[in-house]
Amino acid sequence: MTLPILKAEIRYEQDVVSARQRTRQIAALLSFDPQQQTRLATAVSEIARNAFRYAGGGRVDFFLEGQTPPQLLVIHITDRGPGIPNLDRILQGEYSSKTGMGMGIVGARRLMDRFEIQTSHGGGTLVTMCKLLPRNSRLYTGPHLQELLGQLIRQGPSSLLDELREQNGDLLRTLEELRLRQEELARLNRELEDTNRGVVALYAELDERADHLRRADEVKTRFLSNMTHEFRTPLNSILALARLLLERADGDLQPEQERQIFFIRKSAENLSELVNDLLDLAKVEAGKIVIRPQEFDVDNLFGALRGMLRPLLLNTSVNLVFDEPENLPPLSSDEGKISQILRNFISNALKFTEQGEVRVTARLSDTGKDVVFAVADTGIGIAPEHQSVIFQEFTQLENSLQRKFRGTGLGLPLAKKLAELLGGFVTLSSAPGLGSTFSATIPIHYQPQQSYGEVVVAPEVDHARVPVLVIEDEIEPRLLYEKYLRGTGFQPVTARSLREARAILETLRPGAIILDIMLRGEEGWSLLPELKSNPATRDLPVLVITNVDDRVKAMSLGADAFAHKPVERRWLLDHLHRFAGSSLTRKVVLIDDEEVSRYLLRQLFPTPPCQVMEAANGMEGLKLAREELPQLILLDLLMPELGGLDVLERLRADQRTKEIPVIVSSSSRIDNDERSRIEGYGAGFLPKYRLTDGTAAGELRRLCIEMGVGDLVTEEIRPGVE
């Protein structure tokens, strides 16, 4: 959606000043801060002055674009002059002239989010400049825009003297800001000089202490792990012996003896619970907890928990209720870990609820990406000042029920850490006397979580394929793109956030970028002008595939294509080939002593993207394969001097060529021994008679797909072949 704001003609020199004034007024009405107002006005006046000086005049048009906030301020400056010579050198900062032409263009480009020039010799020039509105600005529609235009008309252009005063004020403010920054820089330099001498010694001490802490943490974890295992053996013996005595295995017990043994067993059970929780916490802290995701239904999970926790209901005044989940999809996560979280919640609720109920529920989150498990009780509740500490290890609140049911103080901290390992989080809602609700929000699809502070590891890239950076935080679209690009010349490289995408772009230059606008906790709008203003990424094609319905804004910010989710495979491949296909060179080597056969086989491969190279004998073919490392080799079986099977054996014996897919062709039938050798080397077989009966393309396509190089052949029937 494009909303026009104002048009201003540039016929006289004072019109340049008026354009600057109008830009400042529009920027102020659109909630830009004073610094941004000055930047916008400066950029417009520089380009408008160029239009007046070199083209004799022009026109400035102001627009708003976008249906979603923040909208985009678009400024077009057009002229009918002779065009801009040496534009590429000007934009690269390599051109200078006596008049200073080019300096204004380069400076204006730095001040905008998006800057584009279209020029031709004798055909005039169009300069497009874009700036995203501030995040706190309103969404301007028809009525709001009319109100803005009314204010703009009432303001009117200022006099030249007023504009001169305004520019002088801008200059004084800028100079004052520079002076303050220079003073601040000088002060910081002095402070750095004062502290720099101690930094080296401090780093050495910190390294020593960090190493000591690391060793201590390893010793602690190893101690907890080993000791908890050592504790289990005598504890299990105590529990087993106590059970035998209470079952009267060796004769009857006196009432006092029975009571004493009951206390022994109870203490051993409490100690066993503490040992188990300590071991689990030690595993979590040591990073040794293994997440085993598998698909399961919440119904089955609740059924298992219902049977497992019924024996804990010692108080008949409390009901344990499991609400049947409705319309929940299957979860792909660690069922055992989720069960452990809920067991801790439920056992905690049962301890501190004297009457009423403990209700267990599960529902889909508002985003539809998570399941919210909740355990609500009608117990004693928790005061607000204590709610932040109960998830700390060994924390127990003082109350009468706490003294009655002593716990380890590790259950809730363990539940919190397990939820975070699964990519979720735990929340608490409670009030004294009104009960508590513990909730665990768990993603439907588990994916390994990467903390914000971790270093992004450079992805492994298959150099035979063109990398495509996929900036997408949802697992379903990522799996869809991986499926779409499987067997093609494009390799998806995933980034789940803008920070991760920027880190990948520092070490990898992809052939194209697929960008979702709505990421978790951030928007992709800011990345588009960042990519297009950076010389290193300016030429990268960006395909915006999102649920946000704002094509105009995406294209104005520099997107090369726009589509709504879910995108079709054909659309995606067509646009990737269109924008990144030039870097997709696929090599095919034909080794055949018959020139006619090589000619017919060559027709089966499209050019581009395939580069087909020929060898007339086995030795020449081996040399070509080792030098070029193609994506596919077509090998004739019967050749003089060095036959096809001998060539195939040497290809498989060479580390450089052993993984290259090979298809053997022959004009005669092959015997069982030859077929076994071909299959033993992992090669395919294409009879040459298929070149004459019209089935060669289909059979070749099938073999290439089986070998993972399906992108080498097209789905269309090539004229003259079939």
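Values computed for the structure shown
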item	result
Pick from region 91-119, criterion at pLDDT below 90 and of a type in the set (Ser, Thr, Tyr), ranking: surrounded by the most Cβ atoms within 10 Å (Cβ to Cβ)	Tyr95
Enumerated helices (runs of 4 or more DSSP H) restricted to region 554-664, each holding at least 1 residues that are under 30 Å from Glu65 (Cα atoms)	569-580
Failed item, numbered, when Asn50 is tested on (1) surrounded by 20 or more Cβ atoms within 10 Å (Cβ to Cβ); (2) in contact with a strand residue (DSSP E or B) (Cβ under 6 Å, 6 or more places away or on another chain)	(2)
Matching residues in region 564-585 - criterion: being aliphatic (A, V, I, L, M) and surrounded by 18 or more Cβ atoms within 10 Å (Cβ to Cβ)	Val567, Leu572, Leu576, Ala580, Leu584
Count of residues meeting criterion [among the polar types (S, T, N, Q) and at pLDDT 90 or above] in region 593-641	1
Pick from region 75-88, criterion more than 18 Å from Ser18 (Cα to Cα) and outside any loop (DSSP other than H, G, I, E, B), ranking: farthest from the chain's Cα centre (by Cα)	Leu87
Set Arg39, Arg20, Arg49, Arg59: member being in contact with a Ser or Thr (Cβ under 7 Å, 6 or more places away or on another chain) and assigned to a helix (DSSP H, G or I)	Arg20
Condition check for Phe32: buried (at least 17 other Cβ atoms within 10 Å of the Cβ), touching a strand residue (DSSP E or B) at 6+ places or on another chain (Cβ under 6 Å) and of a type outside the set (Lys, Arg)	no
Which numbered condition Ile264 misses (of (1) under 15 Å from Ile341 (Cα atoms); (2) touching a helix residue (DSSP H, G or I) at 6+ places or on another chain (Cβ under 8 Å); (3) at pLDDT 70 or above)	(1)
Given (1) crowded, with 21+ Cβ neighbours inside 10 Å; (2) within 19 Å of Leu712 (Cα to Cα), index of the condition Thr546 fails	(2)
In region 364-384, the residues that are surrounded by fewer than 17 Cβ atoms within 10 Å (Cβ to Cβ), out of contact with any Lys or Arg (no Cβ under 9 Å at 6 or more places or on another chain) and assigned to a strand (DSSP E or B)	Leu364
Which numbered condition Ile10 misses (of (1) in contact with a Phe, Trp or Tyr (Cβ under 7 Å, 6 or more places away or on another chain); (2) more than 25 Å from Gly524 (Cβ to Cβ); (3) modelled with pLDDT under 90)	(3)
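The values are calculated or read from the model by the stated rules, or taken from the named source; none is laboratory data. It should be emphasised that the depicted structure is a prediction, and the values quoted were computed from it without experimental measurement. Note that we place each Cβ from the backbone using ideal geometry, even for glycine, and neighbour counts take in every protein chain shown.
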